[in-house]
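What follows is a set of notes on a single structure, which appears directly below.
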Amino acid sequence: MSSVLFEIRDHIAFITLNRPEKLNSFNREMALLLQNRLDECASLHEVRAVYLTGAGKGFSAGQDLAEVADPNGPPMSTLLAQHYNPIITRIRHLPKPVLAAVRGVAAGAGANIALCCDVVVASASASFIQAFSKIGLIPDSGGTYFLPRLIGWQRASAIAMLGDRIGAAEAEKMGMIYKMYDDGEFEGATMTLASVLAQLPTKALAYTKHALNNSAGNSLEAQLLLEDELQQQAARTKDYAEGVQSFLQKRPAEFKGE
Ligand code: LHQ
């Protein structure tokens with residue numbers, strides 16, 4: 001069985017981290033497979049949204065610590081450069097929305113891969129742990145970039161240092177994630193969410209993502225210019241024409257992602 005499951009249904013690419021007996025912790029194979037699957041999502045026209053989740057009881061416990069302790073395992077110097085950083089940049093640059101559906105624990109790099117996604121939702125029993133300080137490391141996989149932007153400097157600093165387990169309800173309250181759903185409704189609610197994302201004007205969502213990616217480093221003036229440029233591009237899509245026509249004709253829009 002592959003350590004990353006992949007299936008496309010109704011324009012949604014379902015990517016499932018699949019090492020449940022190891023809480024979907026990442027070994028080299030899983031990290032490289034995930035990168036490949038993200039590349040496929042970017043290039044396949046039929047994919048209009050990505051649903052990223054974990055098999056079994058957790059989302060991911062981050063790096064497989066048995067692999068780093070193995071003298072024959074990949075050297076430390078390659079882990080971020082070859083495994084995690086390319087995953088984070090692929091997710092952020094994928095011109096389609098990526099939904100992280102977190103059931104159970106998301107720890108270390110597993111937490112930060114979830115948190116870099118466009119929409120992050122969790123089941124009530126899920127939790128997020130910046131587990132790094134517990135083993136003498138620093139938050140990686142974008143943790144020091146996304147956390148302060150999501151929840152503010154002070155909370156990010158405390159969570160990064162203390163490595164607390166943050167439950168889904170608290171994560172929702174502090175803005176770390178978009179929403180928490182009761183465990184029983186999680187499957188249905190996340191499928192609905194993915195389906196809504198897959199039917200929206202995909203190119204407009206890609207431009208939105210591009211604008212948000214740039215907002216943190218831009219001045220207001222630069223960001224206004226970027227919005228102008230991207231809006232011109234959005235206005236040239238078929239989905240924009242359809243959006244306006246459907247409004248005027250008082251009917252639901254049928255976006256094609258074009
Ligand atoms: C695991 C793991 C795991 C292997 C659970 N590895 N087996 C970047 C650069 C360089 C180096 C290192 O890493 C990084 C990025 C990182 O991600 S660093 C952070 C690495 N992750 C951690 O430190 C988290 C370690 N795991 C835990 O603290 C706990 O497992 C948590 C709190 C996540 C969950 O606890 P429980 O729900 O009690 O589950 P468990 O501990 O019983 O785990 C279930 C099984 O999964 C167990 O195997 P076993 O054979 O004993 O049943 C664990 O050994 C295995 N597992 N995490 N990261």
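The values are calculated or read from the model by the stated rules, or taken from the named source; none is laboratory data. As the structure is a computational prediction, the values presented were derived from the model and not from experiment. In this analysis, Cβ positions are derived from the backbone assuming ideal geometry, glycine residues included, and neighbour counts consider all displayed protein chains. These area figures cover heavy atoms from the full protein model, side chains too; ligands, DNA and RNA do not enter into them. Shrake-Rupley method; radii C 1.70, N 1.55, O 1.52, S 1.80 Å.
Placing a label point 7 Å from the Cα of L137 along the Cα-to-Cβ direction, the residues of segment 98-130 whose backbone N falls under 12 Å from that point are 107-113, 130.
In this simple spin-label approximation, D10 and A235 carry label points 7 Å from Cα along the Cα→Cβ vector, and these lie 3.5 nm apart. Among I177, I12, I138, determine the one that fluctuates most according to a GNM of the chain built with springs between C-alpha atoms less than 10 Å apart. Comparing I177, I12, I138 in a Gaussian network model of the chain, the most mobile one is I138.
Subtracting the Cα-Cα distance of T89 and S125 from their residue separation scaled by 0.36 nm leaves 10.1 nm.
Applying 0.36 nm per residue to the separation of E21 and A158 and subtracting their alpha-carbon distance, the gain on full extension is 46.3 nm. Label separation (L220 vs E185): 3.9 nm, computed from points 7 Å beyond Cα along the C-beta direction. With axes computed from alpha carbons, what is the tilt in degrees of helix 28-43 against the longest principal axis of the chain, rounded to the nearest 10 within 0 to 90? Helix 28-43 sits roughly 0 degrees off the main axis of the chain. Over the chain, what relative contact order in percent results from Cα pairs under 8 Å that are six or more residues apart? The value is 16 percent.
Cross-link reach is defined here as a Cα-Cα straight distance under 13 Å, omitting same-chain residues fewer than 8 places apart; for K96 the aspartates and glutamates meeting it are D39, E40, E46, D118, E258. With a Förster radius of 30 Å applied to the beta-carbon distance between A211 and A69, the computed FRET efficiency rounds to 0.10. The residues neighbouring K256, those whose beta-carbon lies less than 12 Å from its own, together hold a net charge of -2 under the Lys/Arg +1, Asp/Glu -1 convention.
What segment 202-248 shows is 66 Å² of accessible area per residue, with the surface traced by a 1.4 Å probe over protein heavy atoms. What distance in nm separates the simple spin-label points at S2 and E29, each placed 7 Å from Cα in the Cβ direction? Modelled inter-label distance: 1.3 nm.
Charge tally for V98 (other residues, Cβ to Cβ under 15 Å; Lys, Arg +1; Asp, Glu -1): +3. Considering the chain as a Gaussian network with a 10 Å cut-off on Cα pairs, which listed residue, I151, I91, I129, attains the greatest mean-square fluctuation? Residue with maximal mean-square fluctuation among I151, I91, I129: I151. Computed extension length for A253-R165: 27.5 nm, one decimal, from 0.36 nm per residue of separation with the Cα-Cα distance subtracted. Largest accessible area first, the listed residues M76, M174 line up as M76, M174 when surface is computed with a 1.4 Å probe on the assembled protein chains. Atom-type composition of the exposed protein surface of the chain places 57 percent of the accessible area on carbon and sulfur (1.4 angstrom probe). In percent, rounded to a whole number, the relative contact order of segment 105-205 is 33, using alpha-carbon pairs under 8 Å and six or more apart. Ranking K134, K203, K250 by solvent-accessible area of protein heavy atoms (1.4 Å probe, all protein chains present), from largest to smallest, gives K250, K134, K203. Accessible area per residue for segment 4-199, computed on protein heavy atoms with a 1.4 Å probe, is 44 Å².
Which of these, V120, V98, V196, has the largest mean-square fluctuation under a Gaussian network model of the chain (Cα springs below 10 Å)? Result: V196 has the largest fluctuation of those listed. Segment 117-155 and segment 177-191 have their alpha-carbon centroids 19 Å apart.
Measuring with a 1.4 angstrom probe and ignoring ligands and nucleic acids, R19 comes out at about 30 Å² accessible.
If you take all other residues with their beta carbon under 11 Å from the beta carbon of I12, and give Lys and Arg +1 and Asp and Glu -1, the sum is 0. Using the Cβ-Cβ distance between R149 and N36 with R0 set to 30 Å, the FRET efficiency from 1/(1 + (r/R0)^6) comes to roughly 0.60.
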